[in-house]
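Step one of this worksheet: look at the structure below.
Read-outs throughout are calculated quantities, based only on the coordinates presented, and are distinct from any laboratory measurement. Predicted model only: the values in this text are computed from it and were never measured. Cβ placement follows ideal geometry from the backbone for every residue including glycine, while neighbour counts extend to all protein chains displayed.
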Amino acid sequence: MLDGKVAVITGASRGIGRAVAMKLASLGAVVVINYNGSKERAEEVKQEIEAGGGSADIYQCDVSDYGKCETFIQDVIREHGHIDILVNNAGVTRDGLLMKMSEEAFDQVISTNLKGAFNTIRFASRQMLKQRSGRIINMSSVVGVTGNAGQANYAASKAGVIGLTKAAARELASRGVTVNAIAPGFIETDMTSVLSEKVREATAAQIPLGTFGKPEQVAAAAAFLASDDAGYITGQVLHVDGGMAM
């Protein structure tokens with residue numbers, strides 16, 4: 001379904017990003033696994049993809065760094081000749097109550113989650129406009145829609161991702177480039193594994209489907225938005241949250 005497509009996935013060494021990389025590779029895409037901290041984990045994802053007959057590269061880049069993102073995207077284009085799919089998944093949390101939150105904790109989350117998405121779109125979109133085709137998929141969050149106590153920085157960054165998605169969708173549509181967002185709810189990842197059992201139970205009680213989701217379920221949504229079947233969908237937010245934001 002994605003044979004010959006080049007897909008760049010940021011924050012792809014674990015969690016949702018890893019699942020998206022695995023899914024797109026299984027559909028025939030050449031996957032560029034971006035990571036910032038753990039080269040070992042990125043190598044593991046690459047090896048797993050290749051063991052399944054897929055093709056993958058790894059590339060270290062802190063997406064919050066504008067200049068490094070320019071080099072990153074240019075290197076991918078130089079190596080592969082084109083970029084067809086960009087999945088902005090890289091994200092961090094620095095939770096804390098608003099009145100106690102440091103400037104650094106706020107800035108770091110905005111820089112990675114929101115500015116990072118801007119940075120990669122800024123440089124990848126130029127190539128997509130030349131190609132007159134492309135799929136950009138940005139990971140937002142249920143808390144970017146509903147808000148969440150103790151996550152003012154994260155909620156603001158993910159709400160910003162939705163605004164960025166809609167603005168970019170309007171700018172790029174005339175050249176056949178679609179831009180959509182996915183808003184996952186509580187998904188079984190490293191980010192949610194630190195929650196206490198009491199918090200997990202209380203959170204699950206707020207989810208109509210009653211359970212946390214799996215990274216593969218978010219990856220399936222990303223695969224759809226990356227496909228030709230989603231060619232007439234742009235500027236949308238697809239909730240994969242068990243009904244939490246209803």
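Condition check: surrounded by 14 or more Cβ atoms within 10 Å (Cβ to Cβ), outside any helix (DSSP H, G or I) and β-branched (Val, Ile, Thr). Does ILE182 satisfy that? Don't jump to the end; show me each part of the working.
Details: surrounded by 14 or more Cβ atoms within 10 Å (Cβ to Cβ): yes; outside any helix (DSSP H, G or I): yes; β-branched (Val, Ile, Thr): yes.
So ILE182 fits the description; yes.
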remark   = The helices (runs of 4 or more DSSP H) lying wholly within the range 95-152 that contain at least 2 residues that are closer than 24 Å to GLN206 by Cβ and in contact with a helix residue (DSSP H, G or I) (Cβ under 9 Å, 6 or more places away or on another chain) are 143-146
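Taking ALA226, is it within 19 Å of ASP84 (Cα to Cα) and touching a Phe, Trp or Tyr at 6+ places or on another chain (Cβ under 6 Å)? Break it down stepwise before answering.
Values: within 19 Å of ASP84 (Cα to Cα): yes; touching a Phe, Trp or Tyr at 6+ places or on another chain (Cβ under 6 Å): no.
Taking the combined requirement at face value, the residue does not satisfy it.
Within the range 61-73, does at least one residue satisfy the condition of being in contact (Cβ under 8 Å) with a residue 60 or more places away in the chain, in contact with a helix residue (DSSP H, G or I) (Cβ under 8 Å, 6 or more places away or on another chain) and crowded, with 19+ Cβ neighbours inside 10 Å? Break it down stepwise before answering.
Here is the first cut: in the range 61-73, the ones in contact (Cβ under 8 Å) with a residue 60 or more places away in the chain are 73.
Now restrict to residues that are in contact with a helix residue (DSSP H, G or I) (Cβ under 8 Å, 6 or more places away or on another chain): 73.
Filter again for crowded, with 19+ Cβ neighbours inside 10 Å, leaving 73.
For the range 61-73, residues in contact (Cβ under 8 Å) with a residue 60 or more places away in the chain, in contact with a helix residue (DSSP H, G or I) (Cβ under 8 Å, 6 or more places away or on another chain) and crowded, with 19+ Cβ neighbours inside 10 Å: present.
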remark   = Of THR112, THR71, THR93, THR10, the only residue that is within 22 Å of SER133 (Cβ to Cβ) and hydroxyl-bearing (Ser, Thr, Tyr) is THR10
Which numbered condition ILE58 fails, given (1) under 21 Å from ALA21 (Cα atoms); (2) in contact with a Cys (Cβ under 8 Å, 6 or more places away or on another chain); (3) not hydroxyl-bearing (Ser, Thr, Tyr) = (2)
inquiry  = From the list ASN153, ASN113, ASN148, exactly one residue is within 16 Å of GLY17 (Cβ to Cβ) and not aromatic (Phe, Trp, Tyr). Which is it?
reply    = ASN113
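For the range 22-37, what are the residues that are in a helix (DSSP H, G or I) and under 14 Å from the mean Cα position of the chain (by Cα)? Give the steps one after another, and end with the answer.
Within the range 22-37, the subset in a helix (DSSP H, G or I) is 22-26.
Across the range 22-37, the qualifying residues are MET22, LYS23, LEU24.
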ask   = Out of (1) part of a loop (DSSP other than H, G, I, E, B); (2) within 25 Å of VAL92 (Cβ to Cβ); (3) of a type in the set (Val, Ile, Thr); (4) within 19 Å of the chain's Cα centre (by Cα), the odd one out for ILE233 is which?
value = (2)
remark   = When the range 185-219 is checked residue by residue, the ones that are assigned to a helix (DSSP H, G or I) and closer than 20 Å to MET139 by Cα are ASP190, MET191, THR192, SER193, PRO215, GLU216, GLN217, VAL218, ALA219
